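The values are calculated or read from the model by the stated rules, or taken from the named source; none is laboratory data. Since this is a predicted model, take the numbers as computed values, not measurements. Neighbour counts run over all protein chains shown; Cβ positions are idealised from the backbone, glycine included.
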Amino acid sequence: MHRTHRLLLAVALLSSASPAIGIALKPGDPAPPIKVGKWIKPPKPESGPPRIGVVAFFSTWSNPCKQTYPSLAKIAAMHAGRVSVKAVAVFEKNANAGGAHYAAVASFVKQMGSQMPYPVGVDGPNGTMAKTWLEASGERGVPVSFIIGRNGKIQWIGHTMMLEYFLGQILDGKYKFAEYRAEWLKDKEQEEREYRLFKRFNELVEAGQHKAAVAELDRIAKAQPEYGRRMVLVRFSLLMKYDEAAAYAFGRELLNGELKDQSGLLWLMARSILDETPGLKSPDYKLALDLSQRAADLTKHNDANILTALAYAHFKLGHVDKAIEIQTKAIPIGDANPDIPARNKQLMRTRLEMFRKAKSG
């Protein structure tokens, strides 16, 4: 995973894991023992030559984990006999409540049915698996998977959505382990530095101390301007939680300065104003219009998502005819783009219908 993505994951506080102190488990090291608290679907005895192992860590409550189950099922079916897949639930709620989390995971696995056709275990109340695998390797969230070679040593560690690609490389004999390990160590060192740098900031955000978090972010930005530039949208979103006027003033500064040529970031800021973010008292729809207009101009009015935001900004300001005009143009552009999810395309049609109803009274 690219280090910028890891930084954003840390800032977003996606993990409930404890911080790792140093990196004790690296690619090339022997895999730790698999000591789960309970097997919901126990593994069957294996015979024959050693198989390549996959240990996939997940949490039942994690939305990112839900996206990985089909891929893991595909791997288990496609490589049966060559690859041994095991999934382990970690960071489960009520882990110290007398085994209540075991029943919750069992219910989840039953509900998933054929989407989890492999052994599934649950970490014990002491978090042994999380500590010896995830924390030891510097991983603080899920979904994360490990590939273990036939020699019992770790070949790869990373996001489960990347598992299929790297496992294929290993099975095909194309995997360049030495290059991967060197890059992993370099990235992990950088990640650890970033984690320590943002540790206090993350604690303040998690505690809901948004004003103090912005002050801490400003301190970091003053000491290391690179991180200040990378975190401007985070600062904008935090300001909106306690000082909307300051947030909108900052947003206009970004529009006229640092982000004036960054269409995607301008669009994200516009959306944060337009999408009825909970708690906003006085949304600055004029700023949202200017942000999305600039983003549309930068993309030559050929980005359906940006045009949809621009149309909605016009609608919020009472420019119904303009909203209809722009949304009508956005729909065929969106339909022609296979990378836009179906739900987004449906939203474009729903918005157009809403605009037309408003026009007709």
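Name, by its number, the condition in (1) surrounded by fewer than 20 Cβ atoms within 10 Å (Cβ to Cβ); (2) more than 27 Å from the chain's Cα centre (by Cα) that does not hold for G37.
Of (1) surrounded by fewer than 20 Cβ atoms within 10 Å (Cβ to Cβ); (2) more than 27 Å from the chain's Cα centre (by Cα), only one is false for G37: (1).
Can you name the residue in region 255-309 that is modelled with pLDDT under 95 and acidic (D, E) and is also farthest from H210 (Cα to Cα) among such residues?
My answer is E258.
Got a sec? Which of K300, K359 is within 24 Å of K260 (Cβ to Cβ) and surrounded by fewer than 13 Cβ atoms within 10 Å (Cβ to Cβ)?
Details: K359 fails: within 24 Å of K260 (Cβ to Cβ).
Only one candidate passes the filter, namely K300.
The conditions are (1) at pLDDT below 90; (2) under 28 Å from F177 (Cβ atoms), and L13 fails exactly one of them. Which is it?
(2)
Quick test of your reading of the structure: R219 fulfils all but one of (1) farther than 21 Å from S272 by Cα; (2) in contact with a helix residue (DSSP H, G or I) (Cβ under 8 Å, 6 or more places away or on another chain). Name the failing condition by number.
For R219, the failing item is (2).
Could you give me the residue pairs with C-beta distances under 6 Å whose first residue belongs to region 334-350 and is on the phi < 0 side of the Ramachandran plot, whose second residue is surrounded by 11 or more Cβ atoms within 10 Å (Cβ to Cβ) and among the polar types (S, T, N, Q) wherever it lies, and which are 6+ apart or on separate chains?
M348/T308
Taking region 158-188 as the region of interest, how many residues are without any contact (Cβ under 8 Å) to a residue 12 or more places away in the chain and either among the small types (G, A, S) or farther than 15 Å from I147 by Cβ (or both)?
The first filter runs over region 158-188 and keeps only residues without any contact (Cβ under 8 Å) to a residue 12 or more places away in the chain, leaving 165, 168-169, 172-174, 176, 178-179, 182-183, 186.
With the extra rule that they be either among the small types (G, A, S) or farther than 15 Å from I147 by Cβ (or both), the set shrinks to 168, 173, 178-179, 182-183, 186.
Qualifying residue count for the region: 7.
Tell me which residues, restricted to region 90-147, are at pLDDT 90 or above, over 14 Å from L72 (Cα atoms), of a type in the set (G, A, S) and within 20 Å of the chain's Cα centre (by Cα).
Residues satisfying the conditions are A130, S137.
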